[in-house]
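K.L.:
Pasting in a structure now, in structure tokens, and then I'll have a few things to ask.
Derivation of every value follows stated rules applied to the coordinates shown; laboratory data play no part. What you see is a predicted model; the values in this text were computed from it and never measured. Here the Cβ is made from the backbone with ideal geometry for all residues, glycine too, and neighbour counts use every protein chain on show.
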Amino acid sequence: MSEEAQGVHDYLEDPRNADILISINGELKPRAEAMVSVFDSGFILGDGVWEGLRVKSGGVAFWPDHLKRLYAGAKTIDMDIGLTPDELTTRLFDCLKANDMTDGVHVRLMVTRGVKKTPYQGPRFTIGKATIVIIPEYKAPLPDIVDTGLKLFTAHVRRTGPAEQDQKLNSHSKLNCILACIQADKAGADEALMLDPAGFVATCNSTHFFIVRDGEVWTSPPEYCLSGITRGNILKVCRAAGTPAIEKRFSLFDVYSADEVFVTGTFAGVSPVREVDGRDMPLINGPITQRVRELYQAFAAENLTPIT
């Protein structure tokens, strides 16, 4: 791995992606022709919710959980998706089948409030139904990250609380995370570590953050981070296997002196961390990180919704 920052979402290029079909409101469009209106709420305001999905072995991992989070987010922002969960499932599967995709695929499913009659915040200025876009791509994480680990940098940009913008919303509005990502990039890191308003560790700009101390797995409580599906499943598999998995507030003191550090997400699963703010971690891809990865991969394989 080179010294240039390579984030956890960097991937191996796949020429098959040049010919994928993208679903826009149910119509399949070649990649070069896949477009939405400049008056779309997502483009103008970042007004919408989305999910990232993993397709493997002929199924979508944890699809019911993703559906539940998507519809909960839409209800929170008072947006009508316009399809029932079963209808949205059919649309997703139709897109995957049209592309003959069954494995090694990452999907970005996005729903915005729809087209506005004029650029303005108010939902009452929306005309028509929600915009639903499904982008499936062949994507595999860079394999060397598992061996070399990621480099993190603590950004000054904080995760907000529910009084500002509730972090449970998986919204299109990600400017605070983008600013943190930029700061990490400028520092030569792969991902930004973000703190809560009190200075305790919250999460990363695009992944969830875990540390290992004395055989225990720690992650921050959910108040200042997205309700991550991978995060929740990591806690489940650790506890089922007898590994203490604790949600608690902790500081950078605990991070810098941790035994192992890893981050999690739908795209790459479990990725080890080698350095935080210039402090080298004692173990990169250590025994507990490896065990958590194996447990999670097995659990994901057991929780696939077949593409029918």
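K.L.:
Tally up the residues in the range 111-131 that are touching a helix residue (DSSP H, G or I) at 6+ places or on another chain (Cβ under 7 Å) and within 14 Å of Asp80 (Cα to Cα), please.
P.N.:
Number of matching residues: 6.
K.L.:
Of the residues Lys139, Lys129, which single one is of a type outside the set (S, T, N, Q) and touching a strand residue (DSSP E or B) at 6+ places or on another chain (Cβ under 7 Å)?
P.N.:
Lys139
K.L.:
Which ones in the range 7-28 are without any contact (Cβ under 8 Å) to a residue 12 or more places away in the chain and closer than 28 Å to Thr89 by Cβ?
P.N.:
Matches in the range 7-28: Glu27 only.
K.L.:
Answer yes or no as to whether Leu193 is farther than 30 Å from Lys97 by Cβ and not in a helix (DSSP H, G or I).
P.N.:
yes
Here is a yes/no grid of residues against (1) closer than 16 Å to Glu191 by Cβ; (2) touching a His at 6+ places or on another chain (Cβ under 7 Å):
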| residue | (1), (2) |
| --- | --- |
| Arg231 | yes, yes |
| Ser271 | yes, no |
| Arg279 | yes, no |
| Ile284 | yes, no |
| Gln290 | no, no |
| Ala301 | no, no |
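K.L.:
I would also like to ask the following. Take the range 92-122 and flag every residue that is in contact with a Pro (Cβ under 8 Å, 6 or more places away or on another chain), within 16 Å of Leu28 (Cα to Cα) and not in a strand (DSSP E or B).
P.N.:
Of everything in the range 92-122, those that are in contact with a Pro (Cβ under 8 Å, 6 or more places away or on another chain), within 16 Å of Leu28 (Cα to Cα) and not in a strand (DSSP E or B) turn out to be Cys95, Leu96, Asn99, Met101.
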